[in-house]
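Remarks on the structure that follows.
The values are calculated or read from the model by the stated rules, or taken from the named source; none is laboratory data. Note that the structure is a prediction, hence the values are computed from the model and not measured. Glycine also receives a Cβ, built like all others from the backbone with ideal geometry; neighbour counts cover every protein chain displayed. The accessibility values were calculated without ligands, DNA or RNA, using every heavy atom of the protein model including side chains. Shrake-Rupley method; radii C 1.70, N 1.55, O 1.52, S 1.80 Å.
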Amino acid sequence: ALKLSTVQETVTVSGEAPIVQTASAEVTSTIDQRAFETLPVKERNYFRLLTPDPNVVATGTGSNAVNVGGGEVWNFGTYVDGTNNHSKWLTLQRAPQLGSSGFAIETVKEVQLITNQFSAEFGGHSAGVASMITKSGTNEVNGSAFVMIRPGDLDSRPPLTPVKAPYDQQQFGGTIGGPLVRDKVFYFGSYERRRGRSQVVVTSREDFGVVVP
């Protein structure tokens with residue numbers, strides 16, 4: 001004869017608290033694509049997103065030179081897709097010195113900032129390393145366009161001049177990417193242009209207040 005029996009069932013839920021990274025002693029922080037799309041970036045230069053890190057101090061405006069961990073600016077390395085992009089003569093970046101990173105911000109996927117104990121692959125830089133990864137095309141054709149206008153009408157008048165110096169700056173461009181061979185070969189391109197027109201006001205008593213292009 002068969003008799004009814006009880007069914008016993010046990011559910012065990014286990015969890016482990018995350019531990020300190022034991023395989024590497026690197027001190028890193030990552031600036032992802034969401035940060036590039038949502039945070040205001042001065043001069044549309046991804047280098048400006050490095051400065052919120054407490055180990056990074058910008059040396060001045062309009063320059064990519066930064067002091068990392070108290071180190072000299074020349075000891076901070078920059079890499080793009082694993083390739084050394086460091087240049088002492090062009091303010092640590094192969095690009096114009098005044099406020100350019102050499103890459104349109106739409107082309108940057110993420111940046112990893114390593115401020116201590118980086119691996120031997122980043123040899124030659126004792127203060128820190130910024131390793132940037134660029135975007136790639138996908139199986140779908142996608143693109144974007146942008147324009148940024150900075151009119152001088154909102155500027156204040158310099159304290160030593162009777163008139164305001166006219167100023168006008170625009171940045172515009174776009175990106176496009178897609179497949180050449182689906183799932184195998186992709187393309188991605190970017191274009192950006194900066195145009196600025198500025199003038200100065202003479203403060204000499206001989207021609208006080210004259211605007212000079």
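Hey, among the residues in the range 102-140 that are assigned to a helix (DSSP H, G or I) and of a type in the set (D, E), which one's modelled with the highest pLDDT?
E106
Inspect the range 115-129 for any residue being among the charged types (D, E, K, R) and surrounded by 14 or more Cβ atoms within 10 Å (Cβ to Cβ) and give the result as yes or no.
Looking through the range 115-129, none of the residues is among the charged types (D, E, K, R) and surrounded by 14 or more Cβ atoms within 10 Å (Cβ to Cβ).
Scan the range 48-68 and report the pairs whose first residue is at pLDDT 75 or above and in a strand (DSSP E or B) and whose second residue is among the aromatic types (F, W, Y) and surrounded by 14 or more Cβ atoms within 10 Å (Cβ to Cβ), with Cβ atoms within less than 7 Å and a gap of 6+ or a chain change.
Listed pairs, sorted by first residue: V66/F76; V68/F76.
Can you tell me which residues in the range 46-56 are more than 12 Å from the chain's Cα centre (by Cα) and open to solvent by less than 50 Å² (accessible area, probe 1.4 Å)?
D53, V56 - these are the residues of the range 46-56 that are more than 12 Å from the chain's Cα centre (by Cα) and open to solvent by less than 50 Å² (accessible area, probe 1.4 Å).
Hey, any hits in the range 75-92 for a residue that's open to solvent by 100 Å² or more (accessible area, probe 1.4 Å) and modelled with pLDDT under 75?
For the range 75-92, residues open to solvent by 100 Å² or more (accessible area, probe 1.4 Å) and modelled with pLDDT under 75: present.
Filter the range 57-74 down to the residues that are of a type in the set (A, V, I, L, M), open to solvent by less than 30 Å² (accessible area, probe 1.4 Å) and farther than 27 Å from F172 by Cα, then identify the one that is farthest from the chain's Cα centre (by Cα).
If we take residues in the range 57-74 being of a type in the set (A, V, I, L, M), open to solvent by less than 30 Å² (accessible area, probe 1.4 Å) and farther than 27 Å from F172 by Cα, then V73 is farthest from the chain's Cα centre (by Cα).
Can you say whether E106 is surrounded by fewer than 12 Cβ atoms within 10 Å (Cβ to Cβ), of a type in the set (D, E) and out of contact with any His (no Cβ under 6 Å at 6 or more places or on another chain), as far as the supplied structure shows?
Answer is no for this residue.
Which of the residues that make up the range 29-38 are surrounded by fewer than 16 Cβ atoms within 10 Å (Cβ to Cβ), in contact (Cβ under 8 Å) with a residue 24 or more places away in the chain and in a helix (DSSP H, G or I)?
Scanning the range 29-38 gives a single hit, Q33.
Is it true that G15 is under 24 Å from H125 (Cβ atoms) and either at pLDDT 80 or above or out of contact with any strand residue (DSSP E or B) (no Cβ under 8 Å at 6 or more places or on another chain) (or both)?
no
Being modelled with pLDDT under 80, surrounded by 13 or more Cβ atoms within 10 Å (Cβ to Cβ), farther than 23 Å from M148 by Cβ and not basic (K, R) narrows it down to one of E43, E26, so name that one.
E26
With (1) without any contact (Cβ under 8 Å) to a residue 60 or more places away in the chain; (2) aliphatic (A, V, I, L, M); (3) under 19 Å from I105 (Cα atoms) as the list, and V41 as the residue in question, which single condition is left unmet?
(1)
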